[in-house]
Amino acid sequence: MKSRVCMVLGVLAGYMLALTPSFAQKIVNFEGVVVFKKKGETAGVVDSVSMRLYIKGDKFMAEDVNDANQPRIIVDTKKKSIFMITDRSREYMQMPTPPAPPTVPARPPQKTGKTDQMAGHACEQWLEKTGDTDMELWTSNDLGKLSLPSGTMGVNLISSQNMATFLKNSNMFPMLFLERNKGGREITRLEVVSVEKKTLNEAVFEPPQGYSKMTVPSEVPNPADTGKKKKK
């Protein structure tokens, strides 16, 4: 479970890094603190994680709400820097820049015209259908932009790369994402728990002073193999 939390943080860092400074200037980015909960099923295994995101323009920091021993991820898209911070050992690691995801959605999701209130904000519904699943997205227009990752490293926050790319190119904030199989059973839920707009200190997005820099391993394990039991 802990390895999956680290993977979620890593994927989130990779996707947010793909937002270039020139694009960020065209979009009103959210600044503040967001808590979201993700519950999903992968290969028949159901797990959940609650994450807290501190967001300021082209920078963000992500941490596990329930486990302070999990690494924090700091990303500065302007400097192209990704840091993994381990507070327990007072160390940090600088991560390599991941490949950028698509910049244009293959097809926009369908806007249904339905509206609802979520976490105190007016939201509208978007739908996308694929051969195997039906997806539902609810977004707010009064918070600014927030991108979420998809489809890399074996972990999805939004399991549709197309819908995640659509968000990246919009000025909308995702409040709820649902994925159901063709039988109607929910297999993924990503839901915002709380949103707080506030000005954040620059120190939140920097490795703490006094922490030691770790060397990045020359061989990084394949995340798809993480958690697999070794054959005897």
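The values are calculated or read from the model by the stated rules, or taken from the named source; none is laboratory data. If you're wondering where the values come from, they're calculated on a predicted model, not measured in any experiment. We place every Cβ from the backbone using ideal geometry, glycine too, and count neighbours over all the protein chains shown.
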### Message
Give all pairs with beta carbons closer than 8 Å in which a residue from segment 64-86 that is touching a residue at least 40 places away in the same chain (Cβ under 8 Å) and more than 16 Å from VAL204 (Cα to Cα) meets a residue that is surrounded by 19 or more Cβ atoms within 10 Å (Cβ to Cβ) and aliphatic (A, V, I, L, M); count only pairs at least 6 apart in sequence or on separate chains.
### Response
ASP67/VAL5; GLN70/VAL5; GLN70/LEU9; LYS80/LEU17
### Summary
Filtering segment 184-218 for residues that are of a type in the set (Gly, Ala, Ser) and either within 27 Å of THR165 (Cβ to Cβ) or in contact with a helix residue (DSSP H, G or I) (Cβ under 9 Å, 6 or more places away or on another chain) (or both) leaves a count of 2
## Note on the structure
Only one of (1) surrounded by 11 or more Cβ atoms within 10 Å (Cβ to Cβ); (2) of a type in the set (A, V, I, L, M, F, W, C); (3) free of Cβ contacts under 8 Å to residues at least 40 places away in the same chain does not apply to ALA203, and that is (1)
### Summary
Quick count over segment 174-195, residues being in a strand (DSSP E or B) and surrounded by fewer than 20 Cβ atoms within 10 Å (Cβ to Cβ), is 10
### Task
Look at VAL5 and say whether it is at pLDDT 85 or above, within 12 Å of the chain's Cα centre (by Cα) and either under 24 Å from GLU202 (Cα atoms) or among the β-branched types (Val, Ile, Thr) (or both).
no
### Message
I'm checking my understanding of the structure. Among residues of segment 17-48 that are surrounded by fewer than 15 Cβ atoms within 10 Å (Cβ to Cβ) and in a loop (DSSP other than H, G, I, E, B), which one is modelled with the lowest pLDDT?
### Response
THR20
### Query
Which of the residues that make up segment 59-96 are under 16 Å from the mean Cα position of the chain (by Cα), more than 18 Å from VAL34 (Cβ to Cβ) and among the β-branched types (Val, Ile, Thr)?
ILE82
### Message
Regarding segment 51-60, can at least one residue be identified that is at pLDDT 90 or above and surrounded by fewer than 19 Cβ atoms within 10 Å (Cβ to Cβ)?
### Response
yes
